Structures are given as structure tokens and as C-alpha cells.
1. Taking only pairs six or more apart or across chains, which ones have beta-carbon atoms under 8 Å, a first residue in the range 48-71 that is closer than 20 Å to Ile38 by Cα, and a second residue that is assigned to a loop (DSSP other than H, G, I, E, B)?
2. Name every residue in the range 186-211 that is touching a Leu at 6+ places or on another chain (Cβ under 9 Å) and either in contact (Cβ under 8 Å) with a residue 40 or more places away in the chain or hydrophobic (A, V, I, L, M, F, W, C) (or both), in order of residue number.
3. Return the total of residues in the range 27-43 being surrounded by 10 or more Cβ atoms within 10 Å (Cβ to Cβ), over 52 Å from the mean Cα position of the chain (by Cα) and not in a helix (DSSP H, G or I).
4. Please give the number of the condition Tyr151 fails out of (1) exposed (fewer than 12 other Cβ atoms within 10 Å of the Cβ); (2) closer than 28 Å to Leu236 by Cα.
5. Tell me the residue from Val67, Val78, Val119 that is at pLDDT 90 or above and either exposed (fewer than 10 other Cβ atoms within 10 Å of the Cβ) or within 16 Å of the chain's Cα centre (by Cα) (or both), please.
6. I'd like to know if the range 90-106 contains one or more residues that are modelled with pLDDT under 90 and touching a Phe, Trp or Tyr at 6+ places or on another chain (Cβ under 7 Å).
7. Of these, Arg117, Arg163, Arg187, which one is within 30 Å of Gly100 (Cβ to Cβ) and assigned to a strand (DSSP E or B)?
Amino acid sequence: MGAYNVVNRAAMQAGQAEDISQVVANFDAIAAVLNGGIDNTNVASGAAIAYAKLLLTNSIVNADIAVGAAIDQTKLNVPILGRNVGWSKGSTPPATPSDGDLWMLDNLGQGYYWLFRYVAAEATYKWVCIGGTPYVIRVQGAQNMSGVAGYQVVPGCTGTWPRSGDYNVEWGAWTDNTGGNGQTYLRFTSGGTQIDEFPGRANGFRGVLSMVSPANGTQSQACQVEAHTNGGTPSLFTENPYFAIMPRRVS
């Protein structure tokens, strides 16, 4: 509508009888502005009208929002996957993550990568693994463990935990003690503590020993496959011993 202007002001002079039609015409003009005709020209630039008095529902479009507006995701009606999640890659996670942020651990070497999602509700290890391939330590060929008294690490079949946390570990070896009269023992340890064991396979056992074990590991602490035999004339060979670790959640 625009601004209100007095109608025929020159016809209304002080001290003279007025034509009522001029007064009515001005009232009509005022009413036209007030009753649905107020627009941008009627509002002062500093009017500071309360937001609640503006009918903006479903009328704000992309062009109305500044590029640097930084609107919080919780105020946008979009699926969680549509938001701009925090993302980082490196040997350590970000120092101040938000719930749902992603981190890729990339220092395992040999092309191994693990992808984690930050879950604030987890009690201790808040980076939950959501993808990747097991990190494998495998020793090619036969390892002579004959005459070993008590558990000893199978040569070469050792590594360290990349991060402190909870893991699943597949481990084992092909074993042969047919040349002696002792029993076969095989186990997986973390920091010198036994995680799981194949105890006392009978004299003359020859075959594959393998299992999957849950394990808790401490960063940089040793994890390894160990073996030994007992008996009068122990003879034990382990062939292709290995372990493959996959995290469930880490610090």
C-alpha cells in the first residue's frame, strides 16, 4: 500500500467550514493503510518488531540465510546423515570430538585403515569401530619350538596394540608334535597376561589350532602368540602362526 498521505489538504483550511467528504476521504485512506495495507515503507528501520509478531512460517528460503550463519544442526529438519559431521584422519583422534564425529586411524601401515564413530554414551572407550579390515601379523613357514620349557613367543608372531580398547582377535597356527612325546600348548597373550589358550593337545597331535577371542589391550603393549610342549622328548613345530586384530571400541 505504501505511506498514507493527507487527501486534498488544500481544501481543509483553518477557520472555515469543512466539506465532510474531505474528512471521510482521509479516514478511508487511513483505514486502507491500517487494514491490511501496511508494508515495508510504513515500518521504521529501527522498529525492532518482536519476532513472534512476524508470520514467517514456511516462508524462509535458502536465499534468506547468510553463508556464515552457522545454524545448529539440531534446528534443521534434516536426517542425521545429512549434517556436516566432524571428520578427521590421523594417528590420534581429535581432542574435543562431538557425538557422532568420525575419525580414521591411518597409521597401521601396509594399507590398513580403521574408521571410528564417537559415541558419547560409551562408558570408557568412546570411539566405536564402524569399518575397516583386520590388522594381521603372520609368520611364513615353520617355526621350531622343540624343547621349549614353558610358554615362549612364537618367533616373529608378536605386535603391539595400536590403541587402548576392546578388540576381537583371531589367532592360531598349524602345529605338529608327531616327532616327540609331549603335549602341545598354544595361547594368545597381552602384556604377558593370557587371553585365551589351547591347553594340552595330546602327544602326536598334528593340525590347525585357531579361535576368535575377545581381548582388552593397552596401547603399545605387546600382544603375541606363544607355544610350548612338555614331556620326555618334546618336539613341536608351528607353521604359519598368525593373529588378526579388529577393534570394537578404543580410547
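The values are calculated or read from the model by the stated rules, or taken from the named source; none is laboratory data. These numbers were taken from a predicted model, which means no experiment stands behind them. Cβ placement follows ideal geometry from the backbone for every residue including glycine, while neighbour counts extend to all protein chains displayed.
1. Ile49/Val43
2. Result: Leu186, Phe198, Leu209.
3. 1
4. (1)
5. Working: Val67 fails: at pLDDT 90 or above; Val78 fails: at pLDDT 90 or above.
That would be Val119, the only listed residue that is at pLDDT 90 or above and either exposed (fewer than 10 other Cβ atoms within 10 Å of the Cβ) or within 16 Å of the chain's Cα centre (by Cα) (or both).
6. Checked the range 90-106: at least one residue is modelled with pLDDT under 90 and touching a Phe, Trp or Tyr at 6+ places or on another chain (Cβ under 7 Å).
7. Unique residue meeting the criteria: Arg117.
One line per residue, one yes/no per condition, for (1) in contact with a Phe, Trp or Tyr (Cβ under 7 Å, 6 or more places away or on another chain); (2) outside the structural domain of Val212 (by TED's automatic domain parsing); (3) modelled with pLDDT of 85 or more:
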| site | (1), (2), (3) |
| --- | --- |
| Gly141 | no, no, yes |
| Asn144 | yes, no, no |
| Pro155 | no, no, yes |
| Gly165 | yes, no, yes |
| Val169 | yes, no, yes |
| Gly179 | no, no, no |
| Gly182 | no, no, no |
| Leu186 | yes, no, yes |
